[in-house]
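Below is one structure, written out as structure tokens; the observations come after it.
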Amino acid sequence: MSASFAKVEELSTRYPNSAGKVIGYGTAGFRDKASILDHVMFRVGILSALRSKQKNATIGVMITASHNPEDDNGVKLVDPEGEMLENAWEKIATKVANLDDSKLASAVEDVVKTTGIDLGVKGSIFVARDTRESSPRLTQAVLDGISCIDNCEVVNWDLASTPVLHYLVVCRNGNEAYGKCSKAGYYDKLSSGFLTSIGSKSAQGAYKPIITVDCANGIGAVEIREIGNKISNDLKLTLVNDGKPGILNHNCGADFVKVQQTFPENVTPAPGERFASLDGDADRLIYYYFDSNSKFKMLDGDKISLLFAEHLSELTKHANLQLKTGVVQTAYANGSSTNYAQDVLKIPVACEPTGVKHLHHAAQAFDIGVYFEANGHGTVLFSNNAIASVRDAVKSGDNKPAQELLSFMDIINSTVGDAISDLLGVEAILYSKGWSAQDWDNMYTDLPNRQLKVSVEDRNVIKTADAERKCVSPLGLQDKIDQLAGKYQNGRSFVRPSGTEDIVRVYAEANTQGNADALGKEVAAAVYELCRGVGPKP
Ligand code: NG1
Ligand code: ZN
């Protein structure tokens, strides 16, 4: 063992691997019960330092379990350009996180050798955490891990949302044009983008400049309060579920609203008002309202995506710019949204496997790439060509649509899905169109749908293809799904193993809620039967 890793051996005794199970780096990093994650955090700290030296750039470490319950926690690494960790390192992370304690130091030495890391390079790591009670303890484990590797500079940003950490990493790694590398820089960028976007015109038409925001009792409350103060003359934000004594993600937050299809706790619905929910780390956003029949109506990631796509492609047309706008979705996107984008807006749609890194990558193929998961996680990417063309058009004279595009670009946090940035983007568009939530919802009507979970012995017996829309294993399951979906008008269903929970997810949609529910139940029963279900039969 080289002397460089003696500290790994020494400090690892404080963080023994006693999880008793394998914990994998999934679509959202490591995520599990907070009580068994200490050794994982310590090891992620070590890896973040190595990754930083390998890339000779700042790496982010975000401690959060997003929309999961308070007792869970998790950690994800942010690569230098704000993107999710590269695949090869996900594998390294899973391997290192699960090793016996006695093998850790030599495995770390091995990573250094096999990935060609020069330990002489100075490491730089940004660490941030959400509001969970376990997060300070787990942050310390990450910091201890980093301290095992010599010559590293650490900034502990303490409480920050996932999108704020991504923003800080991008700014720090040289993209100064993007924004100032501070929390204040983030608040300024978004709020001034919003204020410039709406300009001096007052709210018009059916748009009311007031919205109630459910903060899931999470970190989003801290961030949005700062921004709300800066724009309060033009948009009044009323915050609910903004922290203790409220419990994180409990009967509130974007995931609760999306899955339960109902209002969160502490929101008093009234027709004509707009509501939005953030998730626990403020990277997902869902809107909803009471329609004139006092019925709950949801405006999810697909609706946000198409509002953005429609507005941005209209602006580029009016600005006389030849920029290609595209939409990227997953199989969870409502069938109506896909049809509306392709058939009505004539905007190309790509379908990618679940996990924003797949969507982010696909969105880079467009000048303006709008990507969202139906659950409200997404953003807009602008190519260098798009940024340069818009700036030129603004410089060259009186081009109002180009100016509007430019200020909209400032609102958008392109580094990752960002609930607060997306909220300001939605509000700026509704403001300029003079639209109510109902007007926005009228773009198209969602097909009724249902999501279910099935517990099975080993969820990984399910293998999928075609961006998760087809199941290729176990044999016979896809035929069964086809047969069941064929019974219902507009019937569509697919199944996939979750990357964040030990369950199989079932999605079903059909022409009526009753049919979507029935299809979902029947497909869940087929999964239970063909994949060795455990627990009560669906
Ligand atoms: P899994 O558990 O793999 O379905 C969930 C979400 C993803 C993504 C990740 C990360 C659904 C159906 N799935 O993944 O979209 O957001 O969590 O948080 O919403
Ligand atoms: Zn989240």
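The values are calculated or read from the model by the stated rules, or taken from the named source; none is laboratory data. Fair warning: this is a prediction, and the values are worked out from it, not measured in the lab. Heads up, the Cβs are rebuilt from the backbone with ideal geometry, glycines too, and the neighbour counts pull from every protein chain shown. Remember, those area values only see protein heavy atoms, side chains included, never the ligands or the DNA or RNA. Shrake-Rupley method; radii C 1.70, N 1.55, O 1.52, S 1.80 Å.
Selection of helices (runs of 4 or more DSSP H) fully inside the range 412-498 by the criterion of at least 2 residues being closer than 19 Å to HIS377 by Cα and in contact with a strand residue (DSSP E or B) (Cβ under 7 Å, 6 or more places away or on another chain) returns 419-433, 437-441. Output yes when any residue across the range 159-167 is surrounded by fewer than 22 Cβ atoms within 10 Å (Cβ to Cβ) and either at positive phi or more than 16 Å from ligand 2 (Cβ to nearest atom) (or both), and no when none is. Looking through the range 159-167, none of the residues is surrounded by fewer than 22 Cβ atoms within 10 Å (Cβ to Cβ) and either at positive phi or more than 16 Å from ligand 2 (Cβ to nearest atom) (or both). Against the criterion of being touching a strand residue (DSSP E or B) at 6+ places or on another chain (Cβ under 8 Å), farther than 25 Å from GLY60 by Cα and not in a loop (DSSP other than H, G, I, E, B), LYS258 qualifies. Does any residue of the range 202-213 turn out to be farther than 24 Å from LYS258 by Cα, assigned to a helix (DSSP H, G or I) and open to solvent by 10 Å² or more (accessible area, probe 1.4 Å)? No, that holds for no residue. Looking across the range 17-66 at every residue that is of a type in the set (Val, Ile, Thr) and part of a loop (DSSP other than H, G, I, E, B), the one that is nearest to ligand 1 (Cβ to nearest atom) is identified as THR64.
For first residues located in the range 289-305 and farther than 19 Å from ASP214 by Cβ, partners that are open to solvent by less than 30 Å² (accessible area, probe 1.4 Å) and part of a loop (DSSP other than H, G, I, E, B) and lie 6+ apart or on another chain with Cβ distances below 6 Å form the pairs ASP302/ALA333; ASP302/ASN334; ASP302/ALA374. Flag: ASN229 does not match the condition of being away from ligand 1 (no atom under 16 Å from the Cβ), open to solvent by 40 Å² or more (accessible area, probe 1.4 Å) and closer than 29 Å to ALA333 by Cα.
Go through the range 67-80 residue by residue and tally those that are under 16 Å from the mean Cα position of the chain (by Cα) and assigned to a loop (DSSP other than H, G, I, E, B). Counting residues in the range 67-80 that are under 16 Å from the mean Cα position of the chain (by Cα) and assigned to a loop (DSSP other than H, G, I, E, B) gives 3. Among the residues making up the range 72-122, a single one is on the phi > 0 side of the Ramachandran plot and surrounded by fewer than 20 Cβ atoms within 10 Å (Cβ to Cβ): GLY116.
Within the range 273-294, if we keep just the residues that are in a loop (DSSP other than H, G, I, E, B) and open to solvent by less than 50 Å² (accessible area, probe 1.4 Å), the residue that is modelled with the lowest pLDDT turns out to be ASP291.
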